[in-house]
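First the structure, in the form of structure tokens, and then the observations on it.
The values are calculated or read from the model by the stated rules, or taken from the named source; none is laboratory data. Source: prediction; values computed, not measured. Virtual Cβ from ideal backbone geometry, glycine too; neighbours counted across all protein chains shown. Only protein heavy atoms, including side chains, enter the accessible area calculation; ligands, DNA and RNA are left aside. Shrake-Rupley method; radii C 1.70, N 1.55, O 1.52, S 1.80 Å.
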Amino acid sequence: LLAPEELLIYEMAENGKNCDQRRVAMNKEQYNGSFTDPSSVNEKKRRDREERQNIVLWRQPLITLQYFSLETLVILKEWTSKLWHRQSVVVSFLLLLAVLIATYYVEGAHQQYVQRIEKQFLLYAYWIGLGILSSVGLGTGLHTFLLYLGPHIASVTLAAYECNSVNFPEPPYPDQIICPDEEGTEGAISLWSIISKVRIEACMWGIGTAIGELPPYFMARAARLSGAEPDDEEYQEFEEMLEHAQAAQDFASRAKLAVQNLVQKVGFFGILACASIPNPLFDLAGITCGHFLVPFWTFFGATLIGKAIIKMHIQKIFVIITFSKHIVEQMVAFIGAVPGIGPSLQKPFQEYLEAQRQKLHHKSEMGTLQFCGKGKCLEEDE
């Protein structure tokens, strides 16, 4: 047996011998003309990438289905093995699931709390899902802020100034906005009261956008750890940008390089700065963090704070100010002041705003409101 010091010296000698042998082998290959040329390596990668891109269902259906089946079996085997080694976690999860199902379906006094939790859960899931759809897909996501959240904030703002209150009856809010029976006094609405009314929807949407930024991070991180080259144009563009960083001249390349340098050098606060403003290049920040192995909670924490708190309040305040009562009246008056066609353009806007005001004061043509849940309906007279 060797002493620890002698064993360490022996291992260092063996490692040095192996390095020398590899260096001699590489020199022999280079001398014999068989040394691998970097251009040939790139060419092989390009051919492999083209072959993988051709493996699609409409070109090679049998091969595609074969690879799909094999990959599915491999994934199922891995998951089964992981679940088998975590039997206590699986049993605890199944017991918790059984308790929740029983609580949901068994009648009792607790059902009012179950219905309230279910309503809030569905509301949160709806806005988080819209946020994920907005940011997932490397810049190709659905613009759910313009289609859903922005119009919702604008509707709440217009209704608040019309009703002089934000205490809209629930239900039908948030599906439909109507004024409460007791309207507030004129001028009681402030910017902060509207911000508080839409804070939950906006923050949930912001959390969804932060979750949607995770795929580029995980893709680049997995590629860096495995040494493989992913089939993604955004990541390939990022690699080319790192190689030709000094020669970048156009504005887009310099902007991407600036984002990469900010995230790499500043770290948490650089990610926070990129996430706190409307930034179409934030996918590059996620790829950069994954490529340079930034810790997950550093990336996701900064992204969550920037998108769900800072950026969301900036966008929310902008929409509320834009659709405040005096701004809307000034915009309508400005449209009417356009020479020639102003009055004809102004009339549809006035009619639309008047129709929206009437809807806010309209409750039910039948004289009763029905509140239904789990097969039970309660009627209340207006």
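Per-structure values
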| read-out | value |
| --- | --- |
| Extension gain from Phe121 to Glu51, taking 0.36 nm per residue of separation minus the Cα-Cα distance | 20.7 nm |
| Sorted peptide list for 293-299, 329-335, criterion being average Cβ within 10 angstrom, highest first | 293-299, 329-335 |
| Ser69-Tyr105 pseudo-label distance in nm [points 7 Å out on the Cα-to-Cβ vector] | 3.6 |
| Where labels lie 7 Å past Cα in the beta-carbon direction, separation of Lys347 and Leu62 in nm | 6.9 |
| Apportionment of accessible area to carbon and sulfur, the range 71-190, percent (1.4 Å) | 66 |
| With 10 Å bins from 0: P(r) over the range 166-227, alpha-carbon pairs, percent | 17, 30, 20, 13, 11, 7, 1 |
| Protection-proxy order for peptides 318-324, 199-205, 69-75, each taking the mean of Cβ atoms within 10 Å per residue, highest first | 199-205, 318-324, 69-75 |
